[in-house]
Structure formats: structure tokens, C-alpha cells
Amino acid sequence: MPKIETTPELVKNAYESMRAKLATVRERLGRPLSLAEKVLLGHLDDPKSAELEPGKSYLLLRPDRVAMQDATAQMAILQFMLSGKTETAVPSTVHCDHLIRAHSGAGDDMNVAMDENKEVYDFLSSAAKKYGMGFWKPGAGIIHQVVLENYAFPGGMMIGTDSHTPNAGGLGMVACGVGGADAVDVMAGFPWEVLYPKRIGVKLTGKMGGWTSPKDVIVRLCGILTVKGGTNAIVEYFGEGARNISCTGKATITNMGAELGATCSIFPFDDAMDRYLRATDRAGVADLAKEYKDLLEADAEVEADPEKYFDQVVEIDLSTLEPQITGPHSPDRTRGISELAAEAKKEGFAENVTAALIGSCTNSSYEDISRVVDLAQQALGAGLKAEIPFLITPGSDNIFETIKRDGQMEVLEKVGATVLANACGPCIGQWQRDDVAKGTKNSIVSSFNRNFPARNDGNPATESFITSPEIVFALAMGRKLSFNPLTDEIPVGGKSFKFKAPAAAPDLPANGFVAPKDGYQAPASDASNVEVKVSPESDRLQILTQFPAWDGKDYEKLPVLLKAQGKCTTDHISPAGTWLKYRGHLDNISNNMFLGAKNAFSEKLGFGINVETGEEAEINKVARDYRDRGMRWVAVGDENYGEGSSREHAAMEPRHLGGAAVIVRSFARIHQSNLKKQGILPLTFADPVDYDKIDARDRISIVGLAGLAPGKQVDAIIHKEGGEQIKIKLNHTLNDEQIAWFKAGSALNQLRNEAGL
Ligand code: MIC
Ligand code: SF4
């Protein structure tokens, strides 16, 4: 049975192995290394012969562990079951956090969740027992918080089937979000493959004070780099300012680095991490990190001359950083809080704030909550209470019990907060909102990390703004987007009240964390009699069958299913919210395919034209019809296509419904690799203008596929309705191994072929 815990013994072995691998790498590169490179290259499968060119080479890496959350673990485990393996090769955990609906508060919501998700929880828990995975029960916490509190360690490397896995970078780990098929590779004992990321250095100077908090660092960075600025890059923080941020504050920053499209983000080991490790019962790991400190920070030359060692350097002065607020609809639509009032007026954002939400995997630390409580006490003193829904999602049971013991919870409840389950809830559309009708334009503020349309309450007309927990609370009291708590007053009982800046709060509880309740289930010591049940009648779980192998023929005259206009995130391709229910059932969840996408060929969201029948229908229905006629199709998209979630459903659904290729201006990393894994060709227009040449009734041929080779452009022909043909060139980033996946029909098929299954 594999050991799940991050024991000092495991950490020592990891450090020794890193040291040995880095000796080989240093000999080959002969230059100082950044921290990100130390951790990445220290986990190389073959340090002697791996190609080492940032931005170009594919690295084969050996992660120390894997984490999966319930909404993605279902598909990951269903695929693992096809791999022929009986036990995971590295410590792996499953966390039940995404499927709990937020409605009336933690107690009732948990009861409902346990009942309505029973079948899925039973499946995950029995599969975890059988295959040697640790299982965190519903209510134990959100994956990234539980990992930070229990498993992350400086210098470690992990992958997780969730895009915010980089949260563990706050504790010095290279932690990357991946699709389930990548997790299957690693759990089956194979290396994980990733493009050697480019290096972005962020130099932090000064110290935060007053209203400014770690959230502002990352929101500001999103504004500077944009949602695609971090694609295929690791963001490494350094400088005096970095050492002035708590470990959980660092995790907020690395968590939301996902919104830059970054492969991951990382902070060097320091005193704040050391204290966090000890406060979470890991003194042995802290001692080792001290001993191996040289592996856990960049070489001195890098900090001394960052321009020389990073591909890009950004500097942020914490002392002068203004609190930031970003939105609506994109996490990089950022400005300082003082600028929001004017912009809201100019852009016509809904002025009244209708709900305020804090917590989530991004911002529910002891420090975050304590700072909000300071403001809540000020508000209560002035006679103010929340008059709009003020919802809190604690990141873990550990945090929940600790803030209950230390009195923060009582203050929050007094000021009108509803405490929700320790789960994702309203962050992933699992907010059963009764107070605002769907289609009604309104503004909400949260301390979460994403604000794509319909993300929180399923209402695309809700305009969601992201900011720090402190500013969220202040806006809950001020109730207008134009309210700036740093300068403005709130009228109350004939007087007016102005907040003082929140007091600095302890990052760790003086009396330690409260040991969580029984939220964990270990794998079975004898798995032979554990049964993993999937009922053939189930509408929530479905055993997977293999996708067919490529037939060796070119793709001739395929219809264009849709041409996505503007942002097309994975939330647009495979929406979450109520659809989370079907995450373990490929055929059922495929009914949500592209429901959120704006198609250039139709006025209606999620609709397209069936070129065979001439009828307009939901895009997924059109796809299903093509597939049933034995036709394949292509999807066309714009920039940063597939931004956001790691959900591989956004690649498996198109594959299941007959998609052959996705042709876009550019891809987000995780989605691009999910498409490759599932046997769909991810192609980009060599000339971005060609996007404009594609019309609704065109057919596209993709030719010369037998000669598909790394670095070689692919030829395509756009066949116009009137018979005209336009030849275009497409780029791809497939390497030899990935081409083999395409030919086999999927990476999993290839894995099975290699295993002789
Ligand atoms: C998200 O924050 O978008 C999610 C929901 O956690 C996703 C995972 C999913 O879609 O299940 C992610 O970040 O990868
Ligand atoms: Fe859950 Fe939201 Fe965090 Fe995703 S970002 S893991 S949905 S809390």
C-alpha cells in the first residue's frame, strides 16, 4: 500500500534525489539556476540526456505526488481503471469539495450533498481504497487548502487535476494543474510531460500595509501580464518583499497565478514557510527544508541580476500598491479601487452590490479571516450589519474549527454572515441563489479567483468583481461599486462612519490549529476484496470505452461546428454549476458542450447551424447529429482558447461527439494538452487573419496527416460554399510521442498499446 503522507523520510529522499540530478544538470548547463529550474530539473526523469531549452524542449518529470478533486477525479479514475494498473505509483489523494451546493448554510447543505452525491462519493471512496489513494471526505476542505496544510513541501513537485493546484507554490512547491489523463500517466508510473516553461521573475520590494493584501499583488500582476501572459511560463517571486508575506498569503498569490495561464508560480523557502510547516505539525519537514535551503531558493546570482536569468522581469513595490479590484467577466480587467467608481459609471456596471462572498481555496486563511473580523468589529461598533447576502466558504475544516474556537466566527455571524460548507460552493456555480432572477443584471464581489460569466450563480448577467477579502467586506457594508472604503464614509443612524484600515493580523493562530475531525480515509491495507461499483443504469457514472484509433486518412471537407468569438474558456465549452452532476458520465455531460460559447454563426449563445439540415440547434445537438451520420467536424476559436479550468471534459466531450480538430488563434496550456491526450488535433492559424476567412457553411480539409511531424506545418483547405478553395497553413506543437497518441486515438490507448493490453 503506498504511503500517502509527506513524511520527513520521503522529503529527505526527494531532496537527495534533487541534489544528485541537479549536479548533472549544472554540469551540462554551466550557469546559475532559478528556484523554479532547481525544482523542475531536480525532478527530471533523465537529467543526463533531457533536452533543456526553455520554451522549446519537452521535459519528462517525476512528480512526488498527485491530487484530484471530486469533479475531475471521477474521469481521472475512470481512465486509470483502463490503464490496467492496480495501484497508484506515487502518493495520490482525492478531495470531495466541488459537488456541494451552497444554499442555506453548512449544516443543511452538507446533508443535501451527502444524499444527492452518494453514488459518486461511494464510487470515489471505494476506488481510492482499492487503488491506494488517500480520500478526503466531503466537508474536510477544498483540495488546495488540504494539500497546503498536509502534503505540500518546499522543493516538492506535484500535479493536480485542478488548475489552482499552484496554490502549493506558496509553500515552495512546483505544483501544476493538469487534466485527468496526465494524472493517470503519473499514477500509472510514467513520467509527466510538460513544455520547459519560460521564466518570469517577479521582484517584490517593500512591505504591505493598511488595506493592501496579497490578493492585490496577484490581481495587479493579472492586470500587467493579462490572462495569457503567463502561458507556458513559471512565475517565480523573489526579493525582500516576498519575505514580508505570510505563507498563506503567498499561496493566495500562486493560486491565482492560474489566471495568468502560468504553468505554476513559486516562492522561495523562508521563515514564513518554516513557521507554517511547524504550525501544521510538520516540524520534521521544516528542519529538513532548513538543512537543504540551497535547493529551495534561486542561486544568489539570479536575485542579483534577474534580467540575465529570467525571460521577463516585473517589479511590484508592495509599499505603494493600492488595493485592486478586477472584473467583470475576466480576472485581468483590473484597476485600483479608487478608479472603480468612474469606470463603473462609464461602462454602465450595475452600481448596487447584491452579494459579497469571501473564502474559497484562494483566500480563507487565518490571516484573511482575522483581518475581515477587524473590519466587522468596526462595522458592528458603528451599528452596521450586512444587508445583502454575505457568504463565507472556509477553505478547510481545520480553518473552520480554528476560527470557531478563536471567536472570529462569532463576530462574522453577528455581522450577518452565512457560513457555508468547507467547499467550493459559489465559486463554481454551485450557488443556489434565490434572491436575484436569472437574466437580471447585478454586481457581486468576491475574494475568489475567477469571474467568467455565470461562474458563481449560473446567471450570465451577473457582473462579478474579484478583490481582497478586506475590500469585499467593506463593499458588503458600502453596497455600491462606487464606494471606496479608503476614502468614503457610510451614512448610519444620522451619522457617518469611515473604516480604519484593517489591523495587521497574525498569520498563524497563537494556540495552534484545531485538529480537524475525522475527514480522511486511508487506502485499504488489503484491496483485493474492495469492489468499485458503477451501475450500468447510472446517469452520473459511466464506464469509459476507448476512443477509436486514427484511420490513417486525411480529414476531408469537415463541417465547422462553431466559430467561437472572443473569450472561449473551459467554462464556455463545458459549463460547471448544475452540470457538475454529470462529471463522471461522458455521454450525459456532453449535452453541455459549448453551451456557453458565443458562436459567430448564430445570434443565440450555445447555438449553431447544422449544415446538413440547415437547422439551428444547440451546438452539442448539431455535433451529435454529425457524429451519428458518421461525420467528423472541426471547432474554430480565437485567442487563449480553453482558458481556465483543467477539466478534460472540455476535450473529451468534443472527442466523444466526433470532433477531429480544434483550430484557434492560440491555446491555454492545460486545455491544449488535454486535447492532445484525447486524440484531437490542436492547431493554430499560422496567419491569425485566416480566422476571419471561415464562414458558417465552409468545409475544411486537413491534409498530409500521414506526414504529421514535430515542428512541421499542417496544410488545410477552406472549401467555400461556392466552390472556391483557400489554402492555409496551421501550426501545431505535437512532439513524436504526442503524434503517437493522435494515431492511437488517445494517450490512454497508446499507454494500453505499450502495455500490451
Ligand atoms: C475551477 O476553479 O474552475 C475548477 C472548477 O476548480 C476547475 C476544475 C473543474 O472544472 O472541475 C479548475 O480550476 O481546474
Ligand atoms: Fe474550488 Fe473555486 Fe478553488 Fe476551483 S477556484 S478549487 S472551484 S474554490
**J(HN,Hα) series, the stretch 724-735, from Karplus relation 6.51 cos²θ - 1.76 cosθ + 1.60, nearest Hz, glycine and proline x** = 5, 10, 10, 8, 10, 10, 10, 9, 8, 10, 6, 9
**Complete:** Those trypsin sites (Lys or Arg not before Pro) from the stretch 434-465 that are DSSP loop and have at most 16 other Cβ neighbours within 10 Å turn out to be K438, K441
**Item:** ³J(HN,Hα), Karplus 6.51/-1.76/1.60, whole Hz, each residue of the stretch 608-615, x for Gly, Pro
**Value:** x, 9, 7, 6, 7, 9, x, 8
**Sparse-neighbourhood loop sites, GluC sites (Glu not before Pro) in the stretch 469-564 - DSSP loop, at most 16 other Cβ within 10 angstrom** = E489, E531, E537
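Viscosity 1.567 mPa s, temperature 4 °C: what is the translational diffusion coefficient of the stretch 355-511 from Stokes-Einstein with a Kirkwood Rh over Cα pairs, rounded to a whole number of µm²/s? Walk me through the numbers on the way to the answer.
Numbers: Rh = 15.7 Å.
It comes out at roughly 82 µm²/s.
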**Asked** Given a Förster distance of 60 angstrom, what is the FRET efficiency for S104 paired with D271, based on the Cβ-Cβ distance and rounded to 0.05?
**Response** 0.90
**Message:** If you scale each eigenvalue of the Cα gyration tensor by 5 and take the root, what three semi-axes come out for the stretch 82-122, rounded to whole angstrom and sorted largest first?
**Reply:** 30, 11, 7
**Fill in**
The set of residues whose placed amide H lies less than 5 Å from the amide H of L681, leaving out same-chain residues fewer than 5 positions away, is A661, V662
**Message:** What whole-number distance in Å separates the alpha-carbon centres of the stretch 111-147 and the stretch 665-694?
**Reply:** 34 Å
**Fill in**
Counting sequence-distant residues (5 or more places) and residues on other chains, those with an amide H built under 5 Å from that of G134 are S92, T93, V94
**Complete:** Once the mean of 1/r over all distinct C-alpha pairs in the stretch 463-552 is inverted, the Kirkwood radius in Å reads 20.7 Å
**Asked** So, with a 1.4 angstrom probe, what is the percent of accessible area on the chain that is carbon and sulfur?
**Response** 48 percent
**Request:** Give me the net charge of S496's neighbourhood, meaning all other residues with Cβ under 13 Å from the Cβ of S496; Lys, Arg count +1, Asp, Glu -1.
**Result:** 0
**Message:** Suppose a student asked you for the relative contact order of the stretch 181-248, using Cα pairs under 8 Å spaced at least 6 residues apart; what percent would you report?
**Reply:** 48 percent
**Prompt:** Can you work out the base-10 log of I(q)/I(0) for the stretch 186-276 at q = 0.24 1/Å, using the Debye formula on its C-alpha atoms alone?
**Reply:** -1.21
**Item:** Where N is the number of residues in the chain, Cα Rg divided by 2.2 N^0.38 Å
**Value:** 0.91
**Request:** Filter the cross-link list K38/K228; K581/K729; K250/K567; K414/K567; K56/K293; K198/K743 down to pairs whose alpha-carbon distance in this structure exceeds 31 Å.
**Result:** K581/K729; K414/K567
**Request:** Report the antiparallel proportion of the DSSP beta bridges in the stretch 391-507 as a percent, rounded to a multiple of 5.
**Result:** 30 percent
**Item:** When the convex hull of its Cα atoms is projected in every direction, mean area for the stretch 175-235 (nm²)
**Value:** 5.9 nm²
**Request:** Count neighbours as other Cβ atoms within 10 Å of each site's Cβ, and list the trypsin sites (Lys or Arg not before Pro) in the stretch 47-112 that are DSSP loop with at most 14 such neighbours.
**Result:** K48, K56
**Request:** Return a whole-number percent for the relative contact order of the chain, with Cα pairs under 8 Å and 6 or more residues apart as the contact set.
**Result:** 13 percent
**Request:** Can you pull a Stokes-Einstein diffusion coefficient for the stretch 364-438 at 37 °C (0.692 mPa s), Rh from Kirkwood over Cα pairs, as a whole number of µm²/s?
**Result:** 250 µm²/s
**Request:** Mind putting together the pair-distance distribution for the stretch 290-403? All Cα pairs, 5 Å bins, whole percent per bin, short to long.
**Result:** 2, 8, 10, 13, 16, 16, 13, 9, 7, 5, 2, 0
**Item:** Orientation-averaged projected area, Cα convex hull of the stretch 259-319 (nm²)
**Value:** 6.1 nm²
**Alpha-carbon radius of gyration plus Dmax, which is the widest Cα pair, for the stretch 1-116 in Å** = 19.8, 60
**Fill in**
Sorted by accessible surface (1.4 Å probe, heavy atoms of the protein chains only), largest first, H572, H656 come out as H656, H572
**Request:** Diagonalise the Cα gyration tensor of the stretch 606-717 and give the resulting equivalent ellipsoid semi-axes, square root of 5 times each eigenvalue, largest first, whole Å.
**Result:** 21, 17, 15
**Long-range amide H partners of Y58 with built H, under 5 Å** = Y196
**Message:** So, for the stretch 688-751, what is the accessible surface per residue at a probe of 1.4 Å, expressed in square angstrom?
**Reply:** 43 Å²
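The values are calculated or read from the model by the stated rules, or taken from the named source; none is laboratory data. None of the values given here were measured: they were computed from a predicted structure. Heads up, the Cβs are rebuilt from the backbone with ideal geometry, glycines too, and the neighbour counts pull from every protein chain shown. Heavy atoms of the whole protein, side chains included, go into the accessibility calculation; ligands, DNA and RNA do not. Shrake-Rupley method; radii C 1.70, N 1.55, O 1.52, S 1.80 Å.
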